[in-house]
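Q: Have a look at this one before I ask anything.
The values are calculated or read from the model by the stated rules, or taken from the named source; none is laboratory data. All of these numbers come straight from a predicted model, not from anything done at the bench. With ideal geometry, Cβ positions are generated from the backbone for all residues, glycine too; neighbour counts draw on all protein chains shown.
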Amino acid sequence: MGDSKENLHAGHRTRLRQRFVEEGLDAFADHQVLELLLFFAIPRRDTNELAHALLRRYGSLAGVLDADPFDLAQTEGVGEAAATLLSLVPALARRYSVDRARRERQALTTSERAAEFLVPLMAGRTAEVFYVVCLDTQCRVIVPALVVEGLPDRAHIEPRQAVEAALRYKAHSVVLAHNHPTGRARPTSADHRVTQALVSAFGAIGIAVRDHLIVAGEDWYSFSRSGDLPAAKPAGGQNP
């Protein structure tokens, strides 16, 4: 009986892996995605029941992948190896997005192109973060510099931090970006003040701020597209 059950599980794993290879993940249910991931950390156990239990506990696939790895590891049946693997997924997705943009030399010439790059970069972030995306003379990504990682509802940034990042990577211009992990993609009064301060600081050294994007999940807000991006004074602080 034991051998029969193990063979059944092995057959199910083989079919699920083969289905992914042939079809991708689009037609997978959330619990099947988790099952497939857990195969690689839990080699000799039926992971279907565990996948359902994780979805019940954390509410969604994203909730499972974004969960604290220490909390995950304490869940019955998970353990440290599986918790590490699950927590690795959103971090790996961000790393893939950055590497692809740098390798393909993506040009962030519009707010839409910037959002395509930044939404995946913010995926899975449970704390507010602030990026200075450094661009070359053709608006291609040099590096997205993570300047601040804060709390779930705020990340304080000083203009000096942002300017130092841009100078370090020899940016010709920058796109500013931060997320609202617990809110909407709409600017607060503090966001407006920070944007003004950063545009002024960059303007003083002759680096253009092309946009400032706020990301909340799949939603995003562009200061430039909405007409809210302040105009910079020319380098040296003199009005034309």
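Q: Let me spell it out: the conditions are (1) free of Cβ contacts under 8 Å to residues at least 24 places away in the same chain; (2) within 18 Å of L36 (Cβ to Cβ); (3) surrounded by fewer than 16 Cβ atoms within 10 Å (Cβ to Cβ), and S60 meets all of them except one. Which number is the exception?
A: The number of the failed condition is (1).
Q: Moving on. Across the stretch 113-149, what is the number of residues that are farther than 17 Å from T195 by Cα and among the aromatic types (F, W, Y)?
A: 1
Q: Restricting to the stretch 197-233, name every residue that is within 20 Å of A166 (Cα to Cα) and among the aromatic types (F, W, Y).
A: Scanning the stretch 197-233 gives F202, F223.
Q: How many residues, within the stretch 89-106, are loosely packed, with under 15 Cβ neighbours inside 10 Å and either of a type outside the set (A, V, I, L, M, F, W, C) or assigned to a strand (DSSP E or B) (or both)?
A: 8
Q: When you go through V163, V119 one by one, which is the residue that is surrounded by fewer than 22 Cβ atoms within 10 Å (Cβ to Cβ) and touching a residue at least 60 places away in the same chain (Cβ under 8 Å)?
A: Numbers: V163 fails: touching a residue at least 60 places away in the same chain (Cβ under 8 Å).
Result of the check over V163, V119: V119.
Q: List pairs: first in the stretch 181-210 and surrounded by 15 or more Cβ atoms within 10 Å (Cβ to Cβ), second in a helix (DSSP H, G or I), Cβ under 6 Å, 6+ apart or cross-chain?
A: A197/P159; L198/P159; L198/A162; A201/P159; A201/V163; I207/A166; V209/V199; V209/F202
Condition check ((1) in contact with a Leu (Cβ under 6 Å, 6 or more places away or on another chain); (2) more than 22 Å from C134 (Cβ to Cβ); (3) assigned by TED's automatic domain parsing to the domain that holds L118) across all residues:
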{"position": "H156", "(1), (2), (3)": "no, no, yes"}
{"position": "R160", "(1), (2), (3)": "no, no, yes"}
{"position": "S173", "(1), (2), (3)": "yes, no, yes"}
{"position": "H192", "(1), (2), (3)": "no, yes, yes"}
{"position": "T195", "(1), (2), (3)": "no, no, yes"}
{"position": "S200", "(1), (2), (3)": "no, no, yes"}
{"position": "A204", "(1), (2), (3)": "no, no, yes"}
